1. Among D31, D249, D209, whose mean-square fluctuation peaks in a Gaussian network model of the chain (Cα, cutoff 10 Å)?
2. Just to confirm, what accessible area per residue do you get for segment 96-189 at 1.4 Å probe, in whole Å²?
3. What ranking of E94, E225, E273 comes out by heavy-atom accessible area, probe 1.4 Å, highest first?
4. Counting only heavy atoms of protein chains, what accessible area per residue, in Å², does segment 234-274 have with a probe of 1.4 Å?
5. According to the Kirkwood expression over distinct Cα-Cα pairs, how big is the hydrodynamic radius of segment 101-257, in Å?
6. Roughly how many percent of the accessible protein surface of segment 46-105 is carbon and sulfur, given a 1.4 Å probe and a whole-percent answer?
7. Percent of alpha carbon pairs in segment 32-163 separated by more than 19 Å?
8. Given the convex hull of the Cα atoms of the chain, what is a quarter of its surface area in nm²?
Amino acid sequence: MSPLFPIPLFCCRIFYSGLLLALFVSSALADAPALLLAKVYSDQTDLNNYWVSEKLDGVRAYWDGQQLISRQGNRFAAPAWFTAGFPDEPLDGELWMGRGTFDVLSGTVRQQTPDDDQWRKVHYMVFDMPIPDLTFDERLARLTQLIAAQGLPHLQLVEQYKVTDRATLMQDLERVVAQGGEGLMLHRGASLYRAARSDDLLKLKTYEDAEAVVIAHLPGKGKYEGMMGSLLVEMPNRRRFKIGTGFSDAQRADPPPIGSTITYKYFGKTNSELPRFASFLRVRDEL
């Protein structure tokens, strides 16, 4: 007997995807690594105290001395050869394939059976060591020696450099973005590694981004009839708004599951403190 109201195919995919996501997340939270998180750069920042590096559009990965672990605590199923020769000391970095390759990278590192050919295109870009009693200046010096001693082409240290004025910093930002990069990171040299969001680590981009939880899929109209038209999402402060741009046709046919966390970009806020011109970027980097 046919249902009175046909259920679109993408709704069925959403149910099963959401169920699998919930199983993964519930098992991940207990073992999630304690990582340093970034705040947003402001003009009041004293640049003399900071190292600058490119903000890589990759997948955050913590090396605990034995395995690579995601931000949510799931193990990456990297090939044995990839991590062979990695140091016994903990590392903080990102799995990366290059600028503009996030979707391919994301699909590669999430496979439970690794695709050897694809992993040969991946680099582990290290930017810190989760050692609590050393300053970043000291950790960077130690990392420079450690990574060089390993001699692995896919294990690399993210370049860190100094700038002394805002004009130079903004020129570097424009250059990186023009080349397809995402932005810059600033790391306070005298800071200790603390698992919190603080001014010790800052991000600088041409737009702001944030995360929200998917509450509902709103149906599309016109050429998007039968697909998702927009997402209803909820911010950490429980306020809700819609995101209707930034999606590919494939994502509209198989949208992020209800309950999943997405990253979106925006350009300032409205008078009512909602994100202005919000656009979908990606599902948060969960396995």
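The values are calculated or read from the model by the stated rules, or taken from the named source; none is laboratory data. Computed from a prediction, not measured in an experiment: that's the story for all the values here. Quick reminder, even Gly has a Cβ in these numbers, built from the backbone with ideal geometry, and neighbours come from all protein chains shown. These accessible areas exclude ligands, DNA and RNA; they are computed on the full protein's heavy atoms, side chains included. Shrake-Rupley method; radii C 1.70, N 1.55, O 1.52, S 1.80 Å.
1. Between D31, D249, D209, it is D249 that shows the largest mean-square fluctuation.
2. 50 Å²
3. Sorted descending by solvent-accessible area, the residues read E225, E273, E94.
4. Result: 56 Å² of accessible area for each residue.
5. Across segment 101-257, the inverse of the average 1/r is 19.6 Å.
6. On segment 46-105, the fraction of accessible area on carbon and sulfur atoms equals 43 percent.
7. Result: 50 percent of Cα pairs exceed 19 Å.
8. Taking the Cα atoms of the chain, their convex hull projects to 18.0 nm² on average.
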